[in-house]
1. On the given criteria, is residue 386 modelled with pLDDT of 75 or more, of a type in the set (Lys, Arg) and under 19 Å from residue 48 (Cβ atoms)?
2. Taking residue 67 as the residue in question, decide whether it is touching a residue at least 60 places away in the same chain (Cβ under 8 Å), assigned by TED's automatic domain parsing to the domain that holds residue 379 and hydroxyl-bearing (Ser, Thr, Tyr).
3. Please note which helices (runs of 4 or more DSSP H) are completely contained in the range 1-109 and include at least 3 residues that are under 27 Å from the mean Cα position of the chain (by Cα), within 24 Å of residue 291 (Cα to Cα) and at pLDDT below 90.
4. Of the residues 112, 73, 57, 90, only one is crowded, with 16+ Cβ neighbours inside 10 Å and either out of contact with any helix residue (DSSP H, G or I) (no Cβ under 7 Å at 6 or more places or on another chain) or not β-branched (Val, Ile, Thr) (or both); which?
5. Of everything in the range 123-138, what is surrounded by 14 or more Cβ atoms within 10 Å (Cβ to Cβ) and in contact (Cβ under 8 Å) with a residue 40 or more places away in the chain? Give them in sequence order.
6. Considering each residue of the range 189-214, count those that are farther than 13 Å from residue 113 by Cβ and in a strand (DSSP E or B), and give that number.
7. How many of the residues in the range 112-163 are part of a loop (DSSP other than H, G, I, E, B), closer than 12 Å to residue 207 by Cβ and within 32 Å of the chain's Cα centre (by Cα)?
8. Take the residues of the range 359-383 that are modelled with pLDDT under 75 and small (Gly, Ala, Ser): which is surrounded by the fewest Cβ atoms within 10 Å (Cβ to Cβ)?
Amino acid sequence: MIKAFEWMLAFRYLRARRQEGFISVIAAFSLLGIGLGVATLIVVMSVMNGFRTELLGRILGISGHISIHGNYGAIYDYDKYVTEIRGLDGVKSVMPVVEGQVMVSANGVAQGAMVNGIRAEDISLKPLLADHIVKGDLQLFKDGEGVMIGSRLAYKLGLGIGDSITLISPEGRATIAGMMPRIKPYPIVALFDVGMFEYDSGLVIMPFEEAQVFFKLTRGEETAVSGIEVMLHDVNAAEIIARNIGKQYSKELQSLPWQYTNQQFFNALEVERNVMFLILTLIIVVAAFNIISSLIMLVRDKGKAIAILRTMGASRGSILRVFFICGASIGVVGTIFGVALGLAFALNIESIRHGLESMTGTDLFAAEIYFLSKLPAEVNWTQVGKVAGMALGLSFAATWYPARRAAKLDPAEALRYE
């Protein structure tokens, strides 16, 4: 139980007089260091969480939770597989897709792109596309009258609604003059902006039947697809369900969960987050060492006062608690300040970015580098609690040694030459 006079002494020692100002300066820098360390950790972890959530949502919103491909190339009789897989537990939706790489060309500009052929009725199963049409008419696409492309791709090629884009497939057709690439123009009926640079600048959405014809996935009256996408109610169950599908159709199909198809990307993101956490934790550790140094200096300066308190009847426990309160107060106030600053920054980080960009005239978050068109941040309250707990723990640990040293001070030795 901490007594009232112990609180009074601790706060009196923290309010240093003029001759003790240097100690007060060190304590203030310790408080500021802990606050900035906590705030930086919260902001960085929130941004990393936001990156993972946004990238995961956009990647899975386009490519699905489970990707199924044929063991020997294209998948024929795909309607049977779609119907059977749709009936499995945990499956939300199943759609056949036609995918292929092409060269897109317009106005003398050419670049590589990915074509994704989707049935008209399956567009609603991809709200990331259906809800982010910025120009054009989605109904025209459903009617098979043209293709949809990303807004950044349209800007790069200088195209708009109603213009034509030329697709060139590397898999050509045999002629008497040799292999000739397949070249076909398509009108643009809609532009989408899903907020991920890779898709907005390199994805072409084509009507399903037209994609089958373009990539020659027809054999007489039979048609085929290049893959089947499966959406689940729980994305974390992808590995289990993919394994079950793989066992059931092991002779015809191979089933890959999103964790496998994007493994390297998300592993790199996780490693980066952990490394950043360790590096930024050093800021708090340095601030904790400042607490130790400031308290040791305070104990040396207050040696006579401690000796007098001991002779007046103060116990070693009381002295220990007085100096523990001094150091712990720095840690507690610094942590509260850091949490408040970190949350304020993380929750308004996009507005802060726009303000800094307008002040400096530079692009601080280039979509070409960071994949996303805006800076995401997602506050995880459990992580905030862990960061605050770690800062408090380091502060209390740093306070213990100087406080214990003050409690062990011998009054006779301190007053011998007085």
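1. yes
2. Working: touching a residue at least 60 places away in the same chain (Cβ under 8 Å): yes; assigned by TED's automatic domain parsing to the domain that holds residue 379: no; hydroxyl-bearing (Ser, Thr, Tyr): yes.
Taking the combined requirement at face value, the residue does not satisfy it.
3. Of the helices (runs of 4 or more DSSP H) lying wholly inside the range 1-109, those with at least 3 residues that are under 27 Å from the mean Cα position of the chain (by Cα), within 24 Å of residue 291 (Cα to Cα) and at pLDDT below 90 span 21-63.
4. After applying the criteria, what remains is 57.
5. 125, 126, 128, 129, 132, 133, 135, 136, 137, 138 - these are the residues of the range 123-138 that are surrounded by 14 or more Cβ atoms within 10 Å (Cβ to Cβ) and in contact (Cβ under 8 Å) with a residue 40 or more places away in the chain.
6. Count: 6.
7. 1
8. The qualifying residue surrounded by the fewest Cβ atoms within 10 Å (Cβ to Cβ) is 361.
The values are calculated or read from the model by the stated rules, or taken from the named source; none is laboratory data. Small disclaimer: the values here were computed from a predicted structure and weren't measured. Methodologically, a virtual Cβ is constructed for each residue, glycine included, from the backbone with ideal geometry; neighbour enumeration extends over all protein chains shown.
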